[in-house]
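Input: a single structure, listed below in structure tokens.
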Amino acid sequence: MRVKILGSGQDDGIPHTGCYCDVCNKARRYAEYRRLGPSVAIFDKKESFCYLVDASPDFKYQLDMIRAEIRETKRNGKVPVSGILLTHAHFGHCAGLWHLGKESVEEKNLPVFCSSKMKEFLCGNHPFSLLIQRKSIQIEEIYPDIEFELNGLKCMPIQVPHRDEMGDTVGYIIKSRKTLVNLADLDKWTDGLMEEIRSSDVAFVDGTFYSRKEIPRFEEVPHPPIQETITLLEDFDTEIYFIHINHTNPVNKKGREKKYIESRGFKIAHDGMTLKI
């Protein structure tokens, strides 16, 4: 399979709405410094299908990135996407579904894979419920630790500790020739999650913040800081990429933090980055 990072930013991406810091201002001036909202595209070798992990608010721009590589899928839909795998109900991970409604492309029966609690959220709240009622999307319920198949790819959702005000959160283990684990958004590392990373070939992990001192309200929106993650995972053989980068994160600049990460054998994801797995 081939994997493309459509968005390496935290939910709101970079530039961040209403922020005019140096990082956000630079991103407004130069496209190469931007980070779209979190989303990953997964293609097969022949590029006959494309599945997304999460539908970000920047969906329409990310759709252009997909169309540059694949114009037809095994389903006859209006978008070149075979399905969307959702992780949770936070803004940056599901708001892109709105683009599939009648105000936009009015897609038909696009499969959306999600947990039972996420299904309850979508069915119980407008405008997501309208997408279901109008058959723009078709909910496919999945279950933690139970594997399912997507055009030959083996996928397994795993439970992830995160702020679950509106449901629950899952990550995904996706197996082809090699194994990819996507854990882009979580509150803390557990022994089980670290073991999944150790057992995988490639991992996308939460890199929202570099340190706990980065924002005053860190305790309200906890994410494992990159500094601490490196200490926990640096002896793993896994190829690890930090993703879900917040605009406050110093890795957005070419400074000592970025050099430190790379010197420890870790990598920082960027929009448009493509991997063969």
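For the reader, a short list of remarks on this structure follows.
- Among the candidates Thr229, Thr248, Thr208, the residue that is outside any loop (DSSP other than H, G, I, E, B), surrounded by 13 or more Cβ atoms within 10 Å (Cβ to Cβ) and modelled with pLDDT of 95 or more is uniquely Thr229.
- Here Thr169, Thr179 are screened, and the one residue that is of a type in the set (Ser, Thr, Tyr), in contact with a His (Cβ under 6 Å, 6 or more places away or on another chain) and within 21 Å of Ala41 (Cα to Cα) is Thr169.
- Filtered residues of segment 2-19 (kept if in contact with a Lys or Arg (Cβ under 6 Å, 6 or more places away or on another chain) and surrounded by fewer than 20 Cβ atoms within 10 Å (Cβ to Cβ)): Arg2
- Enumeration of residues in segment 20-54 that are surrounded by 15 or more Cβ atoms within 10 Å (Cβ to Cβ), out of contact with any Asp or Glu (no Cβ under 8 Å at 6 or more places or on another chain), in a loop (DSSP other than H, G, I, E, B) and hydrophobic (A, V, I, L, M, F, W, C): Phe49
- Selection within segment 140-154 - surrounded by 13 or more Cβ atoms within 10 Å (Cβ to Cβ) and under 17 Å from Leu193 (Cβ atoms): Pro144
- Filtered by the rule that a residue be without any contact (Cβ under 8 Å) to a residue 40 or more places away in the chain, surrounded by 21 or more Cβ atoms within 10 Å (Cβ to Cβ) and in contact with a strand residue (DSSP E or B) (Cβ under 6 Å, 6 or more places away or on another chain), segment 114-137 gives a lone residue, Leu131.
- Selection of segment 183-201 for residues being crowded, with 16+ Cβ neighbours inside 10 Å and hydroxyl-bearing (Ser, Thr, Tyr) yields only Ser200.
The values are calculated or read from the model by the stated rules, or taken from the named source; none is laboratory data. What you are looking at is a predicted structure, and each value in this text was computed from that prediction instead of being measured. Heads up, the Cβs are rebuilt from the backbone with ideal geometry, glycines too, and the neighbour counts pull from every protein chain shown.
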